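Student: Okay, here's the structure, questions in a sec.
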Amino acid sequence: RWFIGLVLCVAWITFWYIFEAAAGFDVDAYVTFGKLEYVGLTYIPLFWFGFSLSYSGSNRPMSKGLFWALRIIPLVTIALAWTNEFHGLIWRETVLVDRGGLPIFEPAYGTWFWVNAVLSYSVFAAGSVVLVRQALGSWRLYRAQATLILVGSMLPWISNPFQIFDNLNPFPGLYVNALFLGTAMLS
């Protein structure tokens, strides 16, 4: 069920990205579709961590307290994204820049964006550590599977900074997060 949750989150993000990409230079439409993407984006760390614990055969399942904390943080983030115009905690400024005819989203991120990013990366890193331990402690057959999943999990670590800092993106205008997340799910 954790893996299915991951796949559904990636499908959700990709679906709304199609509309975001079609919005062109309409910044209001772009932001609205970006807010819809947040529903999937904010839950990926929870599903990744749950998947990592489940896949590793951990004898210690996720505690109810941690499970609820990891559900509440995305809810708060989604609510803040949808009410951003009142407080600017996700985006202080939303700007689409024309780069060779391509609309590039270059927002000034707000405080909660960075809080959520740190929390999300921390949970995602914890799940990756669980898989590294699994890969190092498994028999040969299972070690290969765990290593493949771990390699696939590195793709979002590579692509997400390109999304946040678009000037680093080797493919300007392409939402590499959706592409890399989809590739990671296939691995």
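Student: Just name one of Gly50, Gly110, Cys9: the one whose Cα is farthest towards the positive end of the charge dipole of the stretch 1-119 (beta-carbon charges, Lys/Arg +1, Asp/Glu -1).
Tutor: Gly50
Student: May I pose another question? So how much slack lies between Asp28 and Ala125, counting 0.36 nm per residue of separation and subtracting their Cα-Cα distance, in nm?
Tutor: Roughly 31.6 nm would be gained on extension.
Student: Also, quick follow-up: I need to check one value: relative contact order of the stretch 1-141, counting alpha carbon pairs closer than 8 Å and at least 6 residues apart, in percent.
Tutor: Computed over the stretch 1-141, the figure is 24 percent.
Student: While we're looking at this one, here's another question. FRET efficiency for Gln145 and Phe86, Cβ-Cβ distance as r, R0 = 45 Å, nearest 0.05?
Tutor: So the FRET efficiency works out to roughly 0.45.
Student: Please give the solvent-accessible surface of Ile18 in Å², to the nearest 10, using a probe radius of 1.4 Å with every protein chain present.
Tutor: Around 100 Å² of this residue is reachable by solvent.
Student: Where only protein heavy atoms count, and the probe is 1.4 Å, what is the accessible area per residue for the stretch 12-79 in Å²?
Tutor: Computed with neighbouring chains in place, this is 51 Å² per residue.
Student: Grab the Cα-Cα distance for Ala108 and Phe67, subtract it from 0.36 nm times how many residues apart they are, and report the gain in nm with one decimal.
Tutor: Difference between extended and current length: 11.7 nm.
Student: By how many nm would the segment from Val115 to Glu93 lengthen if fully extended, with 0.36 nm per residue of separation less the alpha-carbon distance?
Tutor: 6.2 nm
The values are calculated or read from the model by the stated rules, or taken from the named source; none is laboratory data. No experiment lies behind these values; they were computed from the predicted model shown. Every residue, glycine among them, receives a Cβ derived from its backbone with ideal geometry; neighbour counts consider all protein chains shown. Just the protein is used for accessible areas: all its heavy atoms, side chains included, with ligands, DNA and RNA removed. Shrake-Rupley method; radii C 1.70, N 1.55, O 1.52, S 1.80 Å.
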